[in-house]
1. How large is ³J(HN,Hα), in whole Hz, for each residue of the stretch 46-60 in order, when computed from phi with the Karplus curve 6.51 cos²θ - 1.76 cosθ + 1.60 and θ = phi - 60°, using x for Gly and Pro?
2. What does the convex hull of the Cα atoms come to per residue for the stretch 2-86, in Å³?
Amino acid sequence: MRALIGAIIAAGALIGLGLTNLGIGLRYQAIERSVNKTIYDVKLHEIDNPLQFGWVFLAGMALIGLAIAFVGLAYHHERRFRETQVGGRTPDSVLPP
């Protein structure tokens, strides 16, 4: 369940990050025509503050979601390994005699 939640968080953050990048591209698509008729790359510190915040926040959430997914999968595999060491029985599945 932890891995699924982490994957959902990461997927939502990556979708939001893609939409934010589309918004940044639409906002600054005409910047190259106004600066000496040459191609100009807009740096992260040059864009508007709300777009900066959205980009950094969603990138952080994507990293956090991936971390939760990997830790959740590692915990899941460790738990299944311990179940095989005990003989397939978990404390939850032990029925009283």
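We did not get these values from a lab; they are worked out from the coordinates using the rules stated. Note that the structure is predicted; figures quoted are calculated from it, not measured.
1. 9, 7, 4, 4, x, 5, 4, 4, x, 5, 5, 5, 5, 5, x
2. Roughly 87 Å³ of hull volume per residue.
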